[in-house]
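A quick write-up on the structure given underneath.
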Amino acid sequence: MTVTSADTLWHVELAKLGGISLGFGYLIDANARLMLFVVSFVAAWIHLFSVGYMQDDDARGRFFGGLSIFMFSILGIVVADNLLMTFVFWELVGFSSYMLIAHYFDKDEAAEASKKAFIVNRLGDLGFILGIAFCLAHHGTLNFAELGALKPVAGWPWLLGALLMCGFIGKSAQFPLHVWLTDAMAGPTPVSALIHAATMVAAGVYFMARISFLMTDEVLGFIAISGAGMAALAGLCALAQTDIKKSLAYSTLAHLGIMGCAIGLHRPDLAVLHMAMHAFFKATLFLGAGSVIHGCHHEQDMLKMGGLARKMPVTAATFIAATLSNCAVPFLAGWYSKDAIIEAAHHHNLYLFALLALAALATCLYSARMVRLVFFGPANSAAAEHAHESPWTMTTPLVVLGLVFSVAAGIAAPALIPASALARVAAPLHEMAFHATAPATLVGGLALILGAFAFRYYGRAAGVDSLRADLPRVYGLLEFRWMDTFYGWVVASVQRRVAEFIAFLDLLLINGVAVRWLGAGIPAVIGYLAGRTLHRGQTRLYALSLVAGTLLLAWYFLAR
């Protein structure tokens, strides 16, 4: 990021410690303007949706309070002009997300999910704060504008970027700290829309785009590989989910991987653009899922739905429109950014291109599966049979976000972007998205064909997952949570052994040497040597000593 005269920059110094200036301010560049609009606009409609969704919740005051803290924190990250201010709001985001995920704290699933999100993000934030310390030690500043003008540290050019990258890996749920995101579905659906669409997970991508100038090729290469791998793996795992919200959560993981890959390809502009497009259609999908859950009397299993297009026409139309954008159908919002990133990968590395192509194919497969199981075919349960359309407070945000922005904004993009204030962010679109070359076009066409096949494939038997029935071993591999199992093993065995060893050292050194020998032995010796003269058990002597000491102190201070 290079600060130009067109950027709005304002800073106030709060303190100066050892020549290092600490303060706060705002930096409004093209990326910040785009994010301010996207976050504020999407969040406003999520708030309206929440009015209807949470109307019967006794703790809705606490819920909306958490939403407000969340939005305040995200906007603080967007406009922050230095690493310290970013970190403060970063932690506020973690705190408020902990509150919102645990809104139903009386349920064990929600309580465990919030603790998991909090702990996993602390691991990433540890690297973030170490990066801040390294930056202070070697550069003497945390200001983005000043950091952009400095040279890398000799001998350790990659370390600063690697440490700051840890914060991105935790907040944006990248490998290996991605395990918290799907469990976060235990919170209310508007929280899922806010976290997975325009705010929390997007904060990590935006942060990486802002500090991309600090990243070396080694760090960017790791981000590109892990992002592309995550995109492909998460897309495939979405095929083995029956919970509608968890299927969308894996979809979010896949898109976050695509954004991470774009950053690794030295294209933070495309990452920010895809983040903006993703915010609109993914918010619509999550809110649409919330409308479906509300209409089906809190049923979330897609195998128990079906036929909802007839009973919930507005929800179905907007959900399908957002799904088409998610699949990067040409001239819809998701197409411009996603195909541009795939094309950039093709020019850079064929292995990355193959992984992103697999992610694109998987996207169409799980999207077609979701639409088929939820909205078409016969009703597969009493909840689906008695489903009803949601109230206007819930359907209006769906119409605005789903139709107006996922569809209309995408169609109008070629005419609007060149003349808009966001032209600098979307500069590569003309050559890479509007005139896509054969590889990206081929991948997109093949993905849509597979999507049509999947729509027919999953409609063979009502209430049955065709993939589970035909390929149970493949389904089991995709459904099994490998990283959660690994972390569980680490906690259960390795961490427990380490804890037992530390407990042994504590008993031996702290309790044994420090407390018993030093803590008890030294006072015993002093008491033996001096106790007989100082402690005689005479109250009048103690009172006289107290008065004498007070008079001596008074004389000392008055004589100064």
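Bear in mind that the values in this text are calculations on the coordinates, not laboratory data. Predicted, not measured: the structure shown is a model, and the values here were computed from it. No Cβ is skipped: glycine too gets one built from the backbone with ideal geometry, and neighbour counts run over all protein chains shown.
Quick look at the numbers
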quantity: Note, ³J(HN,Hα) from phi for the stretch 360-373, Karplus 6.51, -1.76, 1.60, rounded to Hz, x at Gly and Pro; calculated: 5, 5, 5, 4, 5, 5, 6, 5, 5, 4, 5, 4, 5, 5
quantity: In order through the stretch 337-342: 3J(HN,Hα) via Karplus (6.51 cos²θ - 1.76 cosθ + 1.60), integer Hz, x for Gly, Pro; calculated: 7, 5, 5, 5, 5, 4
quantity: 3J(HN,Hα) from dihedral phi, the stretch 201-206, Karplus parametrisation 6.51/-1.76/1.60, rounded to Hz, x for glycine, proline; calculated: 5, 6, 4, x, 5, 4
quantity: Too-long pairs where the Cα-Cα distance tops 21 Å, listed order kept, from LYS115/LYS171; LYS282/LYS304; LYS107/LYS171; calculated: LYS282/LYS304; LYS107/LYS171
quantity: Centroid-to-centroid separation of the stretch 441-511 and the stretch 66-119 [C-alpha atoms, Å]; calculated: 25 Å
quantity: Nonlocal amide H pairs with GLY307, under 5 Å, H built at 1.01 Å; calculated: PHE375, PHE376, GLY377
quantity: Ordering of 50-60, 98-108, 159-169 by burial proxy (mean other Cβ atoms within 10 Å per residue, highest first); calculated: 159-169, 98-108, 50-60
quantity: Whether the stretch 290-367 is rounded, prolate or oblate, judged on the alpha carbon gyration tensor where a/c under 1.5 counts as rounded; calculated: prolate
